[in-house]
Amino acid sequence: MLALVLALTVSTASIDDWNVERLATNRNGMFVLGGWAVANLVGGAIGFGVATDETWRYFHLGNLVWNGVNVALAVVGLISNWKPDDQPLDLKDAMKGSQNLEKVFFLNVGLDVAYLATAAFLWQRGDATNDRRFVGFGQALLLQGGFLFAFDLVMAFLNLRLSNKLFERLNLTPLGLSGTF
């Protein structure tokens, strides 16, 4: 039996360059999420303060609450992606981390669909029962869920593209021959 042992390798410099791009991509995404959140916090606070219509007040309150969470997620994401790790990544860790982040964003896309379904239910239920609170919260959730759906989908595909770039840098090299005859 003859066996050829192959190794997958990527130069450390190549992985480091890829990691810089990965961190920048995800950092930029967190700036987008944080910018959206801050704009909605300001708009929600002003809107809640000046709105006289009950539906609009609940809409703005829903945006305030939702974006308090978004700004916290953006800050945590920015802190964790601000600079490369002190220790360089090896190929296995780079591939594993990249695929895990893809999975997180694709999972979030599924959650966003659930948010949109909940938004539709709240809005419909509010209309059916003349409950302005449900209508306003449903509309706010529809806006926020719609944004998050688009955001998470874009981030998932950007991270998928990054994973593919890493895979393209793989070198398949023979390590040697072994076998019995």
Within the stretch 15-35, is there a residue that is touching an Asp or Glu at 6+ places or on another chain (Cβ under 8 Å) and more than 20 Å from Lys165 (Cβ to Cβ)? no
Can you work out which of the residues in the stretch 135-158 that are among the small types (Gly, Ala, Ser) and buried (at least 18 other Cβ atoms within 10 Å of the Cβ) is farthest from Ala117 (Cα to Cα)? Ala156
Looking at Leu89 and the list (1) crowded, with 17+ Cβ neighbours inside 10 Å; (2) assigned to a helix (DSSP H, G or I); (3) hydrophobic (A, V, I, L, M, F, W, C), which single condition is not satisfied? (2)
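Just give me the residues in the stretch 114-148 being at positive phi and in contact (Cβ under 8 Å) with a residue 60 or more places away in the chain, in sequence order.
none
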Which of the residues that make up the stretch 95-118 are touching a Ser or Thr at 6+ places or on another chain (Cβ under 9 Å) and not polar (S, T, N, Q)? Met95, Leu101, Glu102
Condition test on Ala74, is it assigned to a helix (DSSP H, G or I), in contact with a helix residue (DSSP H, G or I) (Cβ under 8 Å, 6 or more places away or on another chain) and farther than 17 Å from Phe151 by Cα? no
Under the condition of being aliphatic (A, V, I, L, M) and within 21 Å of Trp123 (Cβ to Cβ), which residue from the stretch 27-72 is nearest to the chain's Cα centre (by Cα)? Val69
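Every read-out reported here was derived from the displayed coordinates using simple, explicitly stated rules and does not represent laboratory data. Given the structure is predicted, the values throughout are model-derived calculations rather than measurements. So basically every Cβ, Gly included, is an ideal-geometry build from the backbone, and we count neighbours across all protein chains shown.
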